[in-house]
1. Take the residues of segment 17-39 that are among the small types (Gly, Ala, Ser) and closer than 18 Å to Leu71 by Cβ: which is surrounded by the fewest Cβ atoms within 10 Å (Cβ to Cβ)?
2. Considering only segment 102-116, how many residues are under 12 Å from Thr73 (Cα atoms), assigned to a helix (DSSP H, G or I) and touching a residue at least 60 places away in the same chain (Cβ under 8 Å)?
3. If you take the residues of segment 119-129 that are open to solvent by 100 Å² or more (accessible area, probe 1.4 Å) and not acidic (Asp, Glu), which of them is nearest to His40 (Cα to Cα)?
4. Any residue that is crowded, with 18+ Cβ neighbours inside 10 Å and farther than 18 Å from Gly15 by Cα - is there at least one of those in segment 101-118?
5. Output the number of the condition that Val95 fails; it satisfies all remaining conditions of (1) open to solvent by less than 40 Å² (accessible area, probe 1.4 Å); (2) closer than 20 Å to Pro4 by Cα.
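The values are calculated or read from the model by the stated rules, or taken from the named source; none is laboratory data. From a predicted model like this one, the values you see are computed outputs, not experimental measurements. Here Cβ is always computed from backbone atoms with ideal geometry, including for glycine, and neighbour counts include all displayed protein chains. With ligands, DNA and RNA removed, areas are computed over all heavy atoms of the protein, side chains included. Shrake-Rupley method; radii C 1.70, N 1.55, O 1.52, S 1.80 Å.
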Amino acid sequence: PRDPAFPRLVLDAWGRACAMCGYDGRLAGISVGLEAAHIHWHSQHGPDRKDNGLALCVLHHRLFDHGVLGLTTGAEPRIRISPLYDARTPAGLAVRGLDGAPLRRPEDPGARPAVEYLAWHDREVFRHAPAAV
């Protein structure tokens, strides 16, 4: 079962702003378009822990879950874009502009992403270039 406190804990830890782009929209004081994302998916036995969560805007959450976006596994994670990603419009190309950018730091140091969860996402979700034949 999911921990019902996970979304609030993650969003609060990241200052209610997207860890990738900084989006922090609110409507009447309530965050809109911002979600708590698991790095190591809950459905794949990832825990409901702050260090396994990111506050992501809905676009970056969806792209992260589809392997378009990933993170390096170092102490200071950087955003990666799948080499398989393609776009033509300015909005689509803006995603490519995130490549190499540092992940924002959470307001709560206990929410820094754990290397083991980043490694799982890189291995299981991120869309790497096909191996050369």
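1. We begin by selecting, within segment 17-39, every residue among the small types (Gly, Ala, Ser); these are 17, 19, 22, 25, 28-29, 31, 33, 36-37.
Within this subset, residues satisfying the condition of being closer than 18 Å to Leu71 by Cβ are 17, 19, 22, 36-37.
Values: Ala17: 20, Ala19: 27, Gly22: 10, Ala36: 20, Ala37: 23.
Checked segment 17-39; the qualifying residue surrounded by the fewest Cβ atoms within 10 Å (Cβ to Cβ) is Gly22.
2. Of the residues in that region, 1 qualify.
3. Of the residues in segment 119-129, the ones open to solvent by 100 Å² or more (accessible area, probe 1.4 Å) are 123-124, 127.
Of the ones still in play, those that are also not acidic (Asp, Glu) are 123, 127.
Working: Arg123: 10, Arg127: 15 Å.
Across segment 119-129, the extreme among qualifying residues is Arg123.
4. yes
5. With respect to (1) open to solvent by less than 40 Å² (accessible area, probe 1.4 Å); (2) closer than 20 Å to Pro4 by Cα, Val95 is out only on (2).
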